[in-house]
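All remarks here apply to the structure that follows.
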Amino acid sequence: MTDALHRPPVVGRISDLIGRTPLFELARADNGARLLLKLEMYNPTGSAKIRMARQMVLDAERRGELREGGHIIESTSGNTGLGLAVVAAERGYRFTAVVDHHAAADKLRGMKAMGTRLVYVDEGGDGDELHTAAREELAEEMARGRDNTFFTEQHNNPSNAVGYYPVGREIAQALDNRVDVLIGAVGTGGGLCGTALELKKYVPGVTVVGVEPKGSIAFGPPAHDYHQSGTGTPEGATIGLLVDYDLIDEGVKVGDVEAFATARVVARRTGLLIGGSAGGVVHDALTRLTTLPPDAVMVAFVNDGGEKYLDTVFNDEWMNARNLVDEAVEADIDEALSKLRRN
């Protein structure tokens, strides 16, 4: 029986189903080093970000910044918004999501289905350009000076990282504190750094690797557009306070072609759908797996599933229109994964 099944048989709120997500062994090297995926798509909304969405709201309530009938506002590319939509619906709050067309359409439709008001900063946009800075500015402006209105401000809200502390504990408990490498995407920084901070209490020597898209600036230039959604820091946006460089031992960049190719190959090889940014994390993890010591354990934080990207990452027409398909890259990843699979 896996940790994912250790839940109460009956719950009263959807958010009670958050956590205790499973670990999946994707690959194993000849020397016994293993790559395990922490499958956060088994949370409600299919993403890890509902963890921090709930924490931000609960902490705002404790501080008196949200009261009965209150209004939550956030700038989001989708998954945080989905999490806040759930928590707002449960707790009787209004929720306004400031978004752009770069977000996956299914995420936007999901928020709207739960009663969220969507406010776009790029009406009529083609969806390929990020507007992170503009979203943040508008969300802050909409909340400023309004009673019982809370801008969750995920990039700079300490509760974001706190929401991920349970992930570190879950990993440590599931693996009896035997973890050598933790690797994950860096967007707000809360997911990887919050998990790492807690995990290091149990495994002080764990190596932490942060992954961002090529074009993102958290680990330095050059800056340019990228298609990976919900991760990275685009040019013009401020690196969030939750990106704790003291916790991250190594920062790497993975291009869209490699990230998306990895997600597509994993789907074909295993039947597991992972998101595009998770593809970037897994790509780097597979690259370094054969360099790890014998019997080492590497855990990759997989933020969400691929079901929200069927119109993009897993859509040949969308991919070809953006020159994101490289059959040689996919073939190389397929060959590497086939050699490392043991199941």
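Could you tell me whether the stretch 184-200 includes any residue that is touching a helix residue (DSSP H, G or I) at 6+ places or on another chain (Cβ under 7 Å), farther than 20 Å from residue 53 by Cα, surrounded by 23 or more Cβ atoms within 10 Å (Cβ to Cβ) and without any contact (Cβ under 8 Å) to a residue 40 or more places away in the chain? Yes.
Among residues of the stretch 38-82 being part of a strand (DSSP E or B) and of a type in the set (A, V, I, L, M, F, W, C), the one that is nearest to residue 27 (Cα to Cα) is 39.
Considered as a group, the residues in the stretch 130-146 that are modelled with pLDDT of 80 or more and not in a helix (DSSP H, G or I) include one that is least open to solvent (accessible area, probe 1.4 Å), and that residue is 145. Within the stretch 318-343, residues that are over 22 Å from residue 36 (Cβ atoms) have Cβ atoms under 6 Å from residues that are of a type in the set (Val, Ile, Thr) and not in a helix (DSSP H, G or I) in these pairs: 318/312; 319/325, counting only partners at least 6 apart in sequence or on another chain. Of the residues 268, 322, 341, 264, the single one that is charged (D, E, K, R), crowded, with 17+ Cβ neighbours inside 10 Å and out of contact with any Cys (no Cβ under 7 Å at 6 or more places or on another chain) is 264. State whether the residues of the stretch 117-129 include one that is in a helix (DSSP H, G or I) and either out of contact with any Pro (no Cβ under 7 Å at 6 or more places or on another chain) or open to solvent by less than 40 Å² (accessible area, probe 1.4 Å) (or both). Scanning the stretch 117-129, I find no residue that is in a helix (DSSP H, G or I) and either out of contact with any Pro (no Cβ under 7 Å at 6 or more places or on another chain) or open to solvent by less than 40 Å² (accessible area, probe 1.4 Å) (or both), so the answer is no.
To keep it simple, each residue is scored yes or no on (1) modelled with pLDDT of 95 or more; (2) open to solvent by 30 Å² or more (accessible area, probe 1.4 Å).
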| site | (1), (2) |
| --- | --- |
| 4 | no, no |
| 17 | yes, yes |
| 26 | yes, no |
| 39 | yes, no |
| 48 | yes, no |
| 70 | yes, no |
| 95 | yes, no |
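Of the candidates 267, 278, 328, the single residue that is in a helix (DSSP H, G or I) and closer than 19 Å to residue 189 by Cα is 278.
The values are calculated or read from the model by the stated rules, or taken from the named source; none is laboratory data. Keep in mind that what you see is a predicted model, and the values were worked out from it rather than measured. So basically every Cβ, Gly included, is an ideal-geometry build from the backbone, and we count neighbours across all protein chains shown. Heavy atoms of the whole protein, side chains included, go into the accessibility calculation; ligands, DNA and RNA do not. Shrake-Rupley method; radii C 1.70, N 1.55, O 1.52, S 1.80 Å.
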